[in-house]
Amino acid sequence: MKRYERTRALVEGDPALARAIVCEVERDGAQDAVAVLDEPREELVMVQARETAQGSLFFLGEALTTSCRVRVGDAVGLGLVLGSDRCRAYELAVVDAVFSGAAGDAWASRWDASLRAELARVEARDQREARRTAATKVDFSTMKVEA
């Protein structure tokens with residue numbers, strides 16, 4: 001599973017999955033202790049958008065995010081979430097560090113099935129939402145104008 005897919009499953013899916021992985025990391029005696037490099041903190045980041053007519057970029061505004069950086073062994077992990085959720089940012093940072101570290105393949109094989117199942121639930125939810133939105137779509141080119 002790619003890093004993007006794993007992160008999407010953890011961010012958009014059930015928070016209990018990330019919590020379970022972190023609990024196992026903290027319980028595991030073979031792993032080095034989790035060292036917090038940057039405590040979870042809220043930050044404002046600028047959101048860029050592309051204007052559709054000319055394709056130029058502009059700043060839409062600011063968004064509140066929470067970020068955290070940790071080290072597990074030799075690997076550094078970053079957790080970044082939209083909104084104010086310090087625990088979730090910490091959990092994402094720990095998971096990122098563990099999966100990118102020396103024992104990352106072992107962790108990936110242990111949690112791959114759960115992560116894939118969660119990603120499938122997220123994608124199914126997105127498809128249901130897309131179908132629900134498509135049902136209300138209006139095609140203005142077929143509307144007739146009466147004189």
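The values are calculated or read from the model by the stated rules, or taken from the named source; none is laboratory data. These numbers come from a predicted model, not from an experiment. For neighbour counting, all protein chains shown are included, and Cβ atoms are generated from backbone atoms with ideal geometry for every residue, glycine included. For the accessible areas, the whole protein counts, side chains as well, though only heavy atoms, and no ligand, DNA or RNA atoms are used. Shrake-Rupley method; radii C 1.70, N 1.55, O 1.52, S 1.80 Å.
GNM on the chain, alpha-carbon springs under 10 angstrom: the most fluctuating residue among Ala75, Ala53, Ala106 is Ala53.
Modelled spin labels at Thr52 and Ala20, positioned 7 Å past Cα toward Cβ, are 4.1 nm from each other. The packing ranking of peptides 7-18, 54-65, highest mean first, is 7-18, 54-65, where packing means the average number of other beta carbon atoms within 10 angstrom of each residue.
For a label point 7 Å from the Cα of Arg41 along Cα→C-beta, name the residues of segment 50-90 whose backbone N is under 13 Å from it. Residues 66-69 qualify, since their backbone N sits under 13 Å from the label point. Excluding ligands, DNA and RNA, the accessible surface per residue across the chain is 67 Å² with a 1.4 Å probe. Surface composition of the chain: carbon and sulfur atoms hold 53% of the protein heavy-atom accessible area at a 1.4 Å probe. Once you sort the root eigenvalues of the Cα gyration tensor of segment 1-56 as a ≥ b ≥ c, which label holds: rounded (a/c under 1.5), prolate (a/b larger than b/c) or oblate (the other case)? It is prolate, given that a/c is not under 1.5 and a/b is the larger ratio. Roughly speaking, what % of Cα-Cα pairs in segment 75-147 are separated by over 17 Å, rounded to a whole number? So the pairs more than 17 Å apart make up 68 percent of the total in segment 75-147.
When Val47, Val122 are compared by accessible area at a 1.4 angstrom probe, the order from most to least is Val47, Val122.
Mean residue ellipticity at 222 nm, helices only, the chain: -16000 deg cm²/dmol; runs of at least 4 DSSP H residues each add -39,500 (n - 2.57), and the sum is divided by the number of residues. Given a Förster distance of 41 Å, report the FRET efficiency between Asp139 and Arg3 from their Cβ-Cβ distance, rounded to the nearest 0.05. Efficiency computed from Cβ-Cβ geometry: 0.55. Label point of Ala102 set 7 angstrom out along Cα-Cβ; within segment 30-66, amide nitrogens under 12 Å from it belong to 31-32. Per-residue 3J(HN,Hα) values for segment 61-75, derived from phi via the Karplus relation 6.51 cos²θ - 1.76 cosθ + 1.60 with θ = phi - 60°, read x, 10, 10, 7, 10, 10, 10, 7, 10, 9, 10, 10, x, 9, 9 Hz in sequence order (x marks Gly and Pro). The candidates Cys68, Cys23, arranged from most to least accessible area with a 1.4 Å probe in the full protein assembly, appear as Cys23, Cys68.
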